[in-house]
1. Taking the range 346-373 as the region of interest, how many residues are surrounded by 24 or more Cβ atoms within 10 Å (Cβ to Cβ) and on the phi > 0 side of the Ramachandran plot?
2. Could you list, in sequence order, all residues of the range 317-332 that are under 15 Å from Asn388 (Cβ atoms) and crowded, with 21+ Cβ neighbours inside 10 Å?
3. Can you name the number of the only condition in (1) assigned to a loop (DSSP other than H, G, I, E, B); (2) of a type outside the set (Asp, Glu); (3) within 17 Å of Glu358 (Cα to Cα) that Leu429 fails?
4. I'm trying to understand the selection: among the residues of the range 459-469, which are surrounded by 20 or more Cβ atoms within 10 Å (Cβ to Cβ) and either at positive phi or in a strand (DSSP E or B) (or both)?
5. From the residues in the range 470-500 that are of a type in the set (A, V, I, L, M, F, W, C) and at positive phi, which one is modelled with the lowest pLDDT?
6. For Tyr299, are the conditions met, namely being out of contact with any Pro (no Cβ under 6 Å at 6 or more places or on another chain) and surrounded by fewer than 24 Cβ atoms within 10 Å (Cβ to Cβ)?
7. Please indicate, with yes or no, whether at least one residue in the range 124-140 is closer than 19 Å to Ser253 by Cβ, of a type in the set (A, V, I, L, M, F, W, C) and in contact with a Pro (Cβ under 8 Å, 6 or more places away or on another chain).
Amino acid sequence: MSAKMDSERSTYGAIAGTLVRPQTASASASTATVLLLFAFVAVASLQIATWKPFPRWTSVTGNRPPEVSESAAAPEDPRSCGGFFEGGAARRKAVKSIREFGGVGDGKTSETEAFRRAVRHLRRFGESGGSQLNVPRGRWLTGSFNLTSNFTLFLEDGAVLLGSQDPEEWPIIEPLPSYGRGRERLGGRHISLIHGDGLTNVVITGQNGTIDGQGKMWWELWWNRTLNHTRGHLLEIMNSRNILISNLTFRNSPFWTIHPVYCSNVVIKNMTILAPLNAPNTDGIDPDSSTNVCIEDCYIESGDDLVAVKSGWDQYGINMAHPSSNIIVRKVSGTTPTCSGVGIGSEMSGGISNVTIEDMHIWDSAAGVRIKSDKGRGGYVANISISNIKMERVKIPIRFSRGSNDHPDNGWDPNAVPTVKGIFISNVLSLNSTKAPELKGIEGASFEEICFKNFTILGLAQSAAWHCELVSGYANGVFPIPCPEQPGWLRALLSMHENEHDWS
């Protein structure tokens with residue numbers, strides 16, 4: 001986790017740097033600027049305990065799988081959402097090493113059949129105490145393999161799983177019913193490196209072992225326009241319940257890295273997820289048509305969104321109507337130069353509601369939080385709480401975008417527009433952004449109750465202004481002033497910008 005520690009930088013130190021380097025020669029203007037910035041720091045430091053748009057889901061059980069290393073046994077944060085995992089704390093009855101199934105671990109020999117044999121063997125213990133497969137130190141080259149229920153995959157210190165460079169070892173499977181086709185190409189899609197369907201009580205953990213998808217081969221197929229089927233994920237869990245993913249490093253996924261879809265009670269914590277910043281569509285974590293999902297204490301570097309909440313694509317997502325709800329994203333930090341810290345959509349046709357995003361640090365990124373929708377999507381985005389966010393050199397802090405013209409086929413309905421209601425954004429500090437927020441609704445759709453409180457953007461050019469269309473809401477303690485020409489936009493209190501003369 002040294003990369004995480006090295007990358008985290010003090011927001012207040014950056015503000016101090018701003019204070020000692022005034023950008024104006026006017027003494028009175030400099031004094032006003034200093035006083036104003038100190039006021040912003042004070043406002044941004046407040047923890048607004050009374051402004052809670054909906055209850056936060058917290059559950060502290062004190063339980064953790066005994067397979068998790070002692071280094072992961074730090075006292076539980078009382079606000080942790082880790083209690084979403086209800087897998088129990090009993091040790092697995094059958095514990096085996098991959099070496100017992102012919103594994104070599106030299107980084108050259110294919111271990112695909114060894115992993116598949118191991119899971120087939122351990123499946124028999126699913127109803128009689130469960131099982132655990134240990135992967136010791138070494139480099140384990142493997143194609144795709146499936147998991148089983150009541151099962152732990154444990155990577156010991158120094159263990160590295162390497163994704164096979166043979167596409168035949170990533171077989172083609174059916175498209176997701178809420179997408180109707182592969183996300184990138186028509187027809188089926190490559191299975192993920194590690195895959196599970198219809199499972200319960202699964203743990204994927206270790207002593208910071210690594211799963212490396214060796215995705216460059218897949219990225220080049222995409223760049224060269226020679227990709228025949230949609231790329232596979234590093235880890236996909238489908239139609240499953242009680243999943244814990246923790247204490248590992250995931251690297252170089254061919255496509256989205258961790259993809260729980262049609263799942264419930266999923267906890268993803270203490271993870272490091274890395275991909276080159278130009279690697280296409282290497283989202284970090286994408287909860288999709290899932291409920292009760294906890295993502296916390298993760299560091300992510302990605303060529304796409306760090307976290308993206310999804311729920312199906314156009315008419316396929318509308319017809320399946322499998323929403324994403326009760327999702328918490330907290331204490332996540334990282335960078336993505338082309339996308340956002342957290343994205344909602346653009347595939348959101350089954351609906352997305354009750355999402356908490358809090359205590360994030362995002363830097364050198366295209367956007368902080370982005371809500372992506374379009375005509376044809378339908379669905380809804382409702383009851384989203386975004387709070388305590390630090391951004392540094394994030395191009396656009398908050399963005400509502402539209403018009404991607406990205407549809408699975410010609411069957412989408414242009415009259416299917418989303419409903420967006422109840423977006424609560426508070427205690428946000430953005431340093432050195434180059435653009436003000438963009439809030440663009442969709443003609444014929446409802447975008448209302450977009451609410452900002454204690455939201456400060458520093459470093460913008462004086463000419464930079466919020467761009468708001470077809471949205472309504474309110475603002476309290478926001479700088480610079482939001483949506484000045486937008487009808488229906490209310491300001492509960494004068495913004496700091498409006499009171500700027502009081503500080504001079």
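The values are calculated or read from the model by the stated rules, or taken from the named source; none is laboratory data. Computed from a prediction, not measured in an experiment: that's the story for all the values here. Using ideal geometry, Cβ is built from the backbone for each residue, glycine included, and neighbour counts are taken over all protein chains shown.
1. 0
2. From the range 317-332, those under 15 Å from Asn388 (Cβ atoms) are 328-332; that's our starting set.
Correct list: Ile328, Val329, Arg330, Val332.
3. (1)
4. Just the residues of the range 459-469 that are surrounded by 20 or more Cβ atoms within 10 Å (Cβ to Cβ), to begin with: 466, 468.
Matches in the range 459-469: Cys468 only.
5. So the first thing to find is which residues in the range 470-500 are of a type in the set (A, V, I, L, M, F, W, C), and the list is 470-471, 475, 478-479, 481, 483, 489-490, 492-494, 496.
Of the ones still in play, those that are also at positive phi are 470, 483.
Working: Leu470: 93, Cys483: 87.
The selected residue is Cys483.
6. On the way: out of contact with any Pro (no Cβ under 6 Å at 6 or more places or on another chain): yes; surrounded by fewer than 24 Cβ atoms within 10 Å (Cβ to Cβ): no.
Considered against the rule, which asks whether it is out of contact with any Pro (no Cβ under 6 Å at 6 or more places or on another chain) and surrounded by fewer than 24 Cβ atoms within 10 Å (Cβ to Cβ), Tyr299 comes out as no.
7. Filtering the range 124-140 down to residues closer than 19 Å to Ser253 by Cβ leaves 135, 139-140.
In the following step, the residues that additionally are of a type in the set (A, V, I, L, M, F, W, C) were identified as 135, 140.
Next, from what is left, pick out any that are in contact with a Pro (Cβ under 8 Å, 6 or more places away or on another chain): none.
Looking through the range 124-140, none of the residues is closer than 19 Å to Ser253 by Cβ, of a type in the set (A, V, I, L, M, F, W, C) and in contact with a Pro (Cβ under 8 Å, 6 or more places away or on another chain).
Conditions tested, residue by residue: (1) under 17 Å from Leu277 (Cα atoms); (2) surrounded by fewer than 20 Cβ atoms within 10 Å (Cβ to Cβ).
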{"residue": "Thr200", "(1), (2)": "no, yes"}
{"residue": "Ile204", "(1), (2)": "no, no"}
{"residue": "Gln207", "(1), (2)": "no, yes"}
{"residue": "Gly213", "(1), (2)": "yes, no"}
{"residue": "Arg225", "(1), (2)": "no, yes"}
